[in-house]
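The values are calculated or read from the model by the stated rules, or taken from the named source; none is laboratory data. These numbers were taken from a predicted model, which means no experiment stands behind them. Cβ: placed from backbone, ideal geometry, glycine included. Neighbour counts: every protein chain shown. To get the accessible areas, we keep the full protein, side chains included, count just its heavy atoms, and leave off ligands, DNA and RNA. Shrake-Rupley method; radii C 1.70, N 1.55, O 1.52, S 1.80 Å.
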Amino acid sequence: MSHLRKLYSSGDASKWPKPILDPESLSTFSEIGHLPDISFPEDNPYSTEKELLGKTLFFDPRLSKSNQIACASCHDPELAWCDSRTFSFGHDRQLGSRNAMSILNVAYAKALFWDGRAASLEEQSRMPIEDQREMGEHMDVAAGKIAGIKGYQALFEKAFGDKTVTQDRISKAIATFERTVKSSASKFDLFIDGKSDAYTDDELMGLHLFRTKAQCMNCHNSGYFSNNKFENIGTALLGEKGEDPGRYLFTKAPEDAGKFRVPGLREVFRTGPYFHNGSMTTLDEVIRFYSKGNPEYAQKRSTVYEGVTLRSEKSGMVRMLELSDEEVYQLEAFLRTLSTKPKRISLPELPK
């Protein structure tokens, strides 16, 4: 134990024990560690003025058809930037069909939503506004409403150089703000930087299990704790109530049936319930699910969707691990160290 503590808290990841990886994960593997600096796209550079405008729009319910639902309604900063529900309520109290992902550290995601249908935050930011189950408004109408609010003129002028309100500027401002929603340093970050007494023995063993026997590193790697890929863990429930073909709905590629985006694990203790359908409420449940290799029922692996026969082929990386109760406890102890204390943010004053 003391040897592992010395290695992992050395400040040099090259001294860590070698991770246990499946061949299919080698090409995209990146060692876990600190979150890198946030980068902004060339066509939407950062400015404090644009961040403030985006933050204001993020909290403004007037972007919705009912003038009652804001982006922050499902991504509440006091609830780790999600809403702790299995499915969120949207326009006319309609329930969504997937669990609302937290926007914490979303700057590091390479594709957005569970199925990756948005390639950028600029693209993503407008989709909930126009989704009839979510905010239910057309972007033209939403932009018109914002343009008609006198108090927004100064914010747009400071962010973009003039008072003109456009759909593109609304998307870019919201995306800029979302990129700034980043975790602060966690206990994990302090420990690997040399604070060797930051971890208990159980947390240390959980880290070691994460990288070795439990093989979590196959999918949850890099400082973001995600490989930014789409994997099939056998939760599509094809042919059953609640079936979700996953990434297939976007790509229309049959091999993508049942695949969902691998979420980052930072703040995971605070961002339940888990999976695309919010089917699990505790980390203990999730770890045991993987430990048992998700014994997916054969009758829930196929369906005929819009005339196309689809089969869910669970990834070979999801298999029986036979973790002991102690190891499950230690893994959860480690995962909790990836979360930080909630930070209070000042809510913007909505323009009039």
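Being within 29 Å of ARG344 (Cβ to Cβ) and modelled with pLDDT of 95 or more narrows it down to one of ALA147, ALA109, so name that one.
ALA109
How many residues are closer than 22 Å to LEU95 by Cα and touching a residue at least 60 places away in the same chain (Cβ under 8 Å) when one looks only at region 280-290?
0
Sort through ARG344, ARG336, ARG319 and tell me the only one that's charged (D, E, K, R), closer than 30 Å to PHE250 by Cα and open to solvent by 80 Å² or more (accessible area, probe 1.4 Å).
Of ARG344, ARG336, ARG319, the one residue that is charged (D, E, K, R), closer than 30 Å to PHE250 by Cα and open to solvent by 80 Å² or more (accessible area, probe 1.4 Å) is ARG319.
Can you name the condition, by its number, that ARG211 falls short on among (1) within 17 Å of the chain's Cα centre (by Cα); (2) closer than 29 Å to LYS343 by Cβ?
(1)
Hey, can you tell me all the residues within region 76-96 that are over 22 Å from SER183 (Cβ atoms), assigned to a loop (DSSP other than H, G, I, E, B) and among the aromatic types (Phe, Trp, Tyr)?
Residue satisfying the conditions is PHE87 alone.
Could you identify the single residue in GLY258, GLY278, GLY234, GLY293 that is closer than 27 Å to TYR108 by Cβ, modelled with pLDDT under 95 and small (Gly, Ala, Ser)?
Within the list GLY258, GLY278, GLY234, GLY293, the selection yields GLY234.
Hey, can you tell me all the residues within region 120-138 that are buried (at least 16 other Cβ atoms within 10 Å of the Cβ), without any contact (Cβ under 8 Å) to a residue 60 or more places away in the chain and of a type outside the set (A, V, I, L, M)?
GLN124, SER125, ARG126, PRO128, GLU130, ARG133
How many residues, within region 294-320, are free of Cβ contacts under 8 Å to residues at least 60 places away in the same chain and touching an Asp or Glu at 6+ places or on another chain (Cβ under 9 Å)?
1
With the structure loaded, tell me whether SER73 is outside any loop (DSSP other than H, G, I, E, B), among the hydroxyl-bearing types (Ser, Thr, Tyr) and crowded, with 19+ Cβ neighbours inside 10 Å or whether it fails that test.
The answer is yes for SER73.
Residues VAL165, VAL141, VAL181: which one is out of contact with any Gly (no Cβ under 6 Å at 6 or more places or on another chain), at negative phi and assigned to a helix (DSSP H, G or I)? Show your work before the answer.
On the way: VAL165 fails: assigned to a helix (DSSP H, G or I); VAL181 fails: assigned to a helix (DSSP H, G or I).
Answer to the check: VAL141.
Conditions: (1) surrounded by 17 or more Cβ atoms within 10 Å (Cβ to Cβ); (2) out of contact with any helix residue (DSSP H, G or I) (no Cβ under 6 Å at 6 or more places or on another chain). GLU78 meets all but one. Number of the miss?
That leaves (1) as the condition not met.
Considering only region 43-62, I want to know if a residue exists there that is part of a helix (DSSP H, G or I), more than 26 Å from ALA185 (Cα to Cα), in contact (Cβ under 8 Å) with a residue 24 or more places away in the chain and open to solvent by 90 Å² or more (accessible area, probe 1.4 Å).
No; the residues of region 43-62 include none that is part of a helix (DSSP H, G or I), more than 26 Å from ALA185 (Cα to Cα), in contact (Cβ under 8 Å) with a residue 24 or more places away in the chain and open to solvent by 90 Å² or more (accessible area, probe 1.4 Å).
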